[in-house]
Amino acid sequence: QVQLVESGGGLVQPGGSLRLSCAASGFTFSVTTMRWYRQAPGKEREHVAYITSGGTTNYADSVKGRFTISRDNAKNTVYLQMNSLKPEDTAVYYCNVPAFGSLGWGQGTQVTVSS
């Protein structure tokens, strides 16, 4: 079955960096679009970035220029490099496979940006 395991979250000061990873299994990773979402306390889950099988990327305006999504098909892993972090980036970050609907979500990893 589809499994997505996020890691790399933590506490970081404003202006700092983190790299999130999402290890995927149970499907053909290399041909699948992968997404990152996030959900802040009291807010709806929102799109952060996606990357297609061909490497095309898309970012939410709020993270453009600061975050970079990438993938390693040999490792079945998608990454989210987050630089210049702001307190408003604090959220639980989720890996998502759009093709699998409600089954295509990981458990999330907490990112807290605070001094």
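The values are calculated or read from the model by the stated rules, or taken from the named source; none is laboratory data. If you're wondering where the values come from, they're calculated on a predicted model, not measured in any experiment. Don't worry about glycine lacking a Cβ; one is built from the backbone with ideal geometry, like all the others, and counts go over all protein chains shown. Each accessible area value is taken on the protein alone, full model and side chains, heavy atoms only, with ligands, DNA and RNA left out. Shrake-Rupley method; radii C 1.70, N 1.55, O 1.52, S 1.80 Å.
Structure summary
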{"read-out": "Every residue from region 19-58 that is aromatic (F, W, Y), open to solvent by less than 50 Å² (accessible area, probe 1.4 Å) and in contact with a strand residue (DSSP E or B) (Cβ under 7 Å, 6 or more places away or on another chain)", "value": "W36, Y37"}
{"read-out": "Residue satisfying all of: in region 62-72; among the β-branched types (V, I, T) and part of a strand (DSSP E or B); surrounded by the most Cβ atoms within 10 Å (Cβ to Cβ) among these", "value": "I69"}
{"read-out": "Test set (1) closer than 15 Å to R38 by Cα; (2) open to solvent by 30 Å² or more (accessible area, probe 1.4 Å) - K75 fails condition number", "value": "(1)"}
{"read-out": "Qualifying positions in region 95-114 - in a strand (DSSP E or B), open to solvent by 10 Å² or more (accessible area, probe 1.4 Å) and farther than 12 Å from W36 by Cα", "value": "Q110, T112"}
{"read-out": "Test result for V92, open to solvent by less than 30 Å² (accessible area, probe 1.4 Å) and either in a loop (DSSP other than H, G, I, E, B) or in contact (Cβ under 8 Å) with a residue 24 or more places away in the chain (or both)", "value": "no"}
